[in-house]
Amino acid sequence: MKKLILALTFGTFAVSSALAETSFNTVDADANGGVTYAEAVNAGMPWSEEQFNNADQNADGVLDETEFKAALL
Ligand SMILES: [Ca+2]
Ligand SMILES: [Ca+2]
């Protein structure tokens, strides 16, 4: 079990740096200008729902491009 957690931790790090290059438009699958949690997960973002909600600064349920980019930093 510990090995699995370790692997997941390393995996998340690798994914995070790659995601810095992920474009907002790619994740916004229906191109409506906002990324829902479902879109983020479908695009492979390693976010928990809590992380998503923290990134959603105006709490409208979607990340706009500014919120999305801030969440990647
Ligand atoms: Ca969308
Ligand atoms: Ca928002």
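All of the numbers you see were taken from the coordinates with simple rules; none came from a lab. These numbers come from a predicted model, not from an experiment. Cβ atoms come from the backbone with ideal geometry, glycine included; neighbour counts cover every protein chain shown.
Each residue in Leu73, Leu63 was given a count of other beta-carbon atoms within 10 angstrom of its own, and listing them fewest first yields Leu73, Leu63. Add +1 for every Lys or Arg and -1 for every Asp or Glu among the other residues with Cβ under 11 Å from the Cβ of Phe24, and state the total. For residues surrounding Phe24, the net value is -4. Between the amide H of Leu63 and those of Val35, Thr36, distances stay under 5 Å, these residues lying 5 or more places away or on another chain, with hydrogens modeled in the peptide plane.
Stretching the chain fully between Ala70 and Gln51 yields a gain of 5.7 nm (0.36 nm per residue, less the alpha carbon separation).
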